[in-house]
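Engineer: If you scroll down you'll find the structure; I have some questions about it.
The values are calculated or read from the model by the stated rules, or taken from the named source; none is laboratory data. Not measured: the values here are computed from a predicted model. Here the Cβ is made from the backbone with ideal geometry for all residues, glycine too, and neighbour counts use every protein chain on show.
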Amino acid sequence: METRIDEIFYKEIGKQLNKKREMLGYSFSYLAKLTGISAKQLDNYFLGRYRITNEKYQIICDALGIKTKIKIEVDLGI
């Protein structure tokens, strides 16, 4: 099965958010308390299983103290 571009995008967003969470030493349960988003839902976002909405992305970024600006870099291997 072919991987869709949006799947890659959401996985990368999740990876970056999770990296920041780990750098701050926040557990999923602590971040859940800060955001009002369940720890299970956060885990699904961070693994790229679910698409994160702009609203949830903003809430998580605020809790992690990071900018919400997304920079996209594409390498087509050409």
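Engineer: Using the structure shown, decide if Y50 is assigned to a loop (DSSP other than H, G, I, E, B), in contact with a helix residue (DSSP H, G or I) (Cβ under 8 Å, 6 or more places away or on another chain) and either within 19 Å of F9 (Cβ to Cβ) or polar (S, T, N, Q) (or both).
Structural biologist: So Y50 fits the description; yes.
Engineer: Which condition number does I60 fail, the rest of (1) more than 11 Å from the chain's Cα centre (by Cα); (2) within 29 Å of D75 (Cα to Cα); (3) surrounded by 15 or more Cβ atoms within 10 Å (Cβ to Cβ) being met?
Structural biologist: (1)
Engineer: Quick check: anything in region 12-26 loosely packed, with under 12 Cβ neighbours inside 10 Å and not in a helix (DSSP H, G or I)?
Structural biologist: yes
Engineer: A follow-up question, please. Pairs needed: first member in region 33-52, touching a residue at least 40 places away in the same chain (Cβ under 8 Å) and of a type in the set (F, W, Y); second member anywhere, part of a loop (DSSP other than H, G, I, E, B) and loosely packed, with under 15 Cβ neighbours inside 10 Å; C-beta distance under 6 Å; at least 6 residues apart or different chains.
Structural biologist: Short answer, once both residue conditions are applied: none.
Engineer: Please go through region 27-42 and give me each residue that is closer than 15 Å to L64 by Cα and part of a helix (DSSP H, G or I), ordered by number. It would help to see each step written out before you state the result.
Structural biologist: The first filter runs over region 27-42 and keeps only residues closer than 15 Å to L64 by Cα, leaving 27-37, 39, 42.
Residues satisfying the conditions are F28, S29, Y30, L31, A32, K33, L34, T35, A39, L42.
Engineer: Within region 1-41, which residues are among the polar types (S, T, N, Q), over 16 Å from C61 (Cβ atoms) and at pLDDT 95 or above?
Structural biologist: First, the residues of region 1-41 that are among the polar types (S, T, N, Q): 3, 16, 18, 27, 29, 35, 38, 41.
Next, only the ones that are over 16 Å from C61 (Cβ atoms) stay: 3, 27, 29, 38.
Selection gives S27, S29, S38.
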